[in-house]
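In what follows, a structure is listed as structure tokens, so that the remarks can point back to it.
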Amino acid sequence: MVSRYRRRVIPEPTPTAPELFTWEFATDPYPAYAWLREWAPVHRARLPSGVEAWLVTRYGDAKAALADARLSKNPVHHAEPAHAKGKTGIPGERDAALMTHLLNIDPPDHTRLRRLVSKAFTPRRVAEFAPRVRELTDRLIDGFAAQGEADLIHDFAFPLPIYAICDLLGVPAEDQDDFRDWAGMMLRHTKGGNGAGPRGGVARAVKKIRGYLAELIHRKRENPGDDLISGLIRASDHGEHLTENEAAAMAFIILFAGFETTVNLIGNGLYSLMRHPEERARLQRSIGAGETELLASGVEELLRYDGPVELATWRYATEPLTLGGQPVAAGDPVLVVLAAANRDPARFAGPDTLDLARRDNQHLGYGHGIHYCLGAPLARLEGQTALATLLTRLPDVRLAVDPVDLRWRGGLIMRGLRTLPVQFTPLSG
């Protein structure tokens, strides 16, 4: 006889959502991102600034969102006036003259500007810059190699891209230390890594950089050279040129986006290698044998595993749409979580394993679609040069502190260490 009664099935409760944007989260956000991918892949969160935004965490959704024309880069589409209050966007960029860059505009203006900038920021220019990057790398290592200890953020990863980009832009050598100071204020970077600094330092630094770039562009118009700013001024397409405001905005974004991503690529990459000694030894053997394949694939894997850009820059829905099955209203901000997408097990086998020889590594570390990072080749050049040179010259470099004592810079877009104290056998001479 069949019973008239059915067993009642009680659904399993959804696990408790992790707390986001705490110091603990900043140290290791990946468990929280794994939870979001599983339970809330398109999740509305309140950010530390008070702004609410959708976080997109699965690889497929992230890649689609990065290429979706309905998600505008122009903050004019934000439903709330948060951008005007400095709560979204790049710190200190509220001045209209600085906002006309590739990260804040859509086609057709984006298409025109990117075409013009690409004429100046060419792969050939980056390739020809390689000897200078090697020279800068060796000079910085020379500065601390005899000491047997260093902070690889303050002494190495931070100054290398600043001086490199200053050279690339055409900033005279006598002004480059000023740029280093201003860049440090923008990152709230100080020796010792406590992030302390005068209130309003970011805005003051941006103001100084803006004024300097405007003056430098004016000088380059009168006396052009073989540098990127001169190239931006000369670039033309069907009779069109960059305006002075556009050239200044592009120089600013190349400086801002170019140096911080590379600081974090080098810092995060060295930290990951020191935490994975077998992979590091594998890379050192390859470099010692004069091979380049593992170095190239290794930098791509470091970009995927713990990359410098945690979230893509802000996007705003221009119309109601659906992301990952979740309805998003017009005007809502959307943040694509690159760090979560790059560890999606649906796309990457063993996503939490560092494998420097990983194949089919189509990570989203530098974005996707029309806003793919224009400076990615330069960042890769600097990253490969920095890692190869440091691991060759200081082969036994090791952490000087317990990893739990390291601190990560808080923030939404970038992910990077405040300090990276190391020890090594001193080099004489």
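The values are calculated or read from the model by the stated rules, or taken from the named source; none is laboratory data. What you see is a predicted model; the values in this text were computed from it and never measured. All Cβ positions, glycine included, derive from the backbone under ideal geometry; neighbour counts span all protein chains shown.
Summary table
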{"quantity": "Residue that is farthest from the chain's Cα centre (by Cα), among those in the stretch 199-221 that are surrounded by 18 or more Cβ atoms within 10 Å (Cβ to Cβ) and of a type in the set (Lys, Arg)", "calculated": "LYS220"}
{"quantity": "Residue ID - farthest from PHE252 (Cα to Cα), chosen from residues in the stretch 132-159 that are of a type outside the set (S, T, N, Q) and in contact with a Ser or Thr (Cβ under 6 Å, 6 or more places away or on another chain)", "calculated": "ASP151"}
{"quantity": "Residues of the stretch 33-63 satisfying the condition of being under 20 Å from the mean Cα position of the chain (by Cα) and aliphatic (A, V, I, L, M)", "calculated": "LEU47, ALA53, LEU55, VAL56, ALA62"}
{"quantity": "Any chance LEU303 is aliphatic (A, V, I, L, M) and assigned to a helix (DSSP H, G or I)", "calculated": "yes"}
{"quantity": "Per-region count, the stretch 353-369, residues in contact with a helix residue (DSSP H, G or I) (Cβ under 7 Å, 6 or more places away or on another chain) and over 20 Å from THR322 (Cα atoms)", "calculated": "11"}
{"quantity": "Test: residue in the stretch 379-395 that is surrounded by fewer than 17 Cβ atoms within 10 Å (Cβ to Cβ) and small (Gly, Ala, Ser)", "calculated": "no"}
{"quantity": "Flag if ALA312 is buried (at least 22 other Cβ atoms within 10 Å of the Cβ) and either in contact with a Lys or Arg (Cβ under 9 Å, 6 or more places away or on another chain) or of a type in the set (D, E, K, R) (or both)", "calculated": "no"}
{"quantity": "Given (1) under 21 Å from ASN342 (Cα atoms); (2) in contact with a Gly (Cβ under 8 Å, 6 or more places away or on another chain); (3) among the hydrophobic types (A, V, I, L, M, F, W, C), index of the condition ALA65 fails", "calculated": "(2)"}
{"quantity": "Elements of type helices (runs of 4 or more DSSP H) in the stretch 202-289, at least 2 residues being in contact with a Lys or Arg (Cβ under 9 Å, 6 or more places away or on another chain) and either touching a residue at least 60 places away in the same chain (Cβ under 8 Å) or not basic (Lys, Arg) (or both)", "calculated": "228-234, 244-275"}
{"quantity": "Matching residues in the stretch 23-71 - criterion: being farther than 20 Å from TYR316 by Cα and touching a residue at least 60 places away in the same chain (Cβ under 8 Å)", "calculated": "TRP23, ALA26, THR27, PRO29, TYR30, TYR33, ALA34, LEU36, ARG37"}
{"quantity": "Per-region count, the stretch 307-326, residues within 22 Å of TYR33 (Cα to Cα) and assigned to a loop (DSSP other than H, G, I, E, B)", "calculated": "9"}
{"quantity": "Lone unmet requirement of (1) of a type in the set (Lys, Arg); (2) surrounded by 16 or more Cβ atoms within 10 Å (Cβ to Cβ); (3) modelled with pLDDT of 95 or more for ARG114", "calculated": "(3)"}
{"quantity": "Within the stretch 405-424, tally of residues that are outside any strand (DSSP E or B) and either in contact (Cβ under 8 Å) with a residue 40 or more places away in the chain or within 20 Å of TYR366 (Cα to Cα) (or both)", "calculated": "13"}
{"quantity": "Residues of the stretch 138-169 satisfying the condition of being under 24 Å from LEU406 (Cα atoms), assigned to a helix (DSSP H, G or I) and not aromatic (Phe, Trp, Tyr)", "calculated": "LEU140, ILE141, ILE153, HIS154, ASP155, ALA157, PRO159, LEU160, PRO161, ILE162"}
{"quantity": "Among (1) of a type in the set (Val, Ile, Thr); (2) under 23 Å from the mean Cα position of the chain (by Cα); (3) more than 30 Å from GLU222 (Cβ to Cβ), the one test that ILE287 misses", "calculated": "(2)"}
{"quantity": "Residues of the stretch 331-365 satisfying the condition of being in contact with a Leu (Cβ under 8 Å, 6 or more places away or on another chain), more than 23 Å from ALA296 (Cα to Cα) and either of a type outside the set (Val, Ile, Thr) or in a helix (DSSP H, G or I) (or both)", "calculated": "LEU335"}
{"quantity": "Any pair with Cβ under 6 angstrom, 6 or more apart, that starts in the stretch 297-325 at a residue that is on the phi > 0 side of the Ramachandran plot and ends at one that is not in a helix (DSSP H, G or I)", "calculated": "GLY324/PRO41; GLY324/VAL42"}
{"quantity": "Residue match in the stretch 321-338 (condition: surrounded by fewer than 19 Cβ atoms within 10 Å (Cβ to Cβ), under 22 Å from the mean Cα position of the chain (by Cα) and among the polar types (S, T, N, Q))", "calculated": "no"}
{"quantity": "Within the stretch 36-94, tally of residues that are crowded, with 22+ Cβ neighbours inside 10 Å, assigned to a helix (DSSP H, G or I) and at pLDDT below 80", "calculated": "1"}
{"quantity": "Lone unmet requirement of (1) at pLDDT below 95; (2) outside any helix (DSSP H, G or I) for ARG125", "calculated": "(2)"}
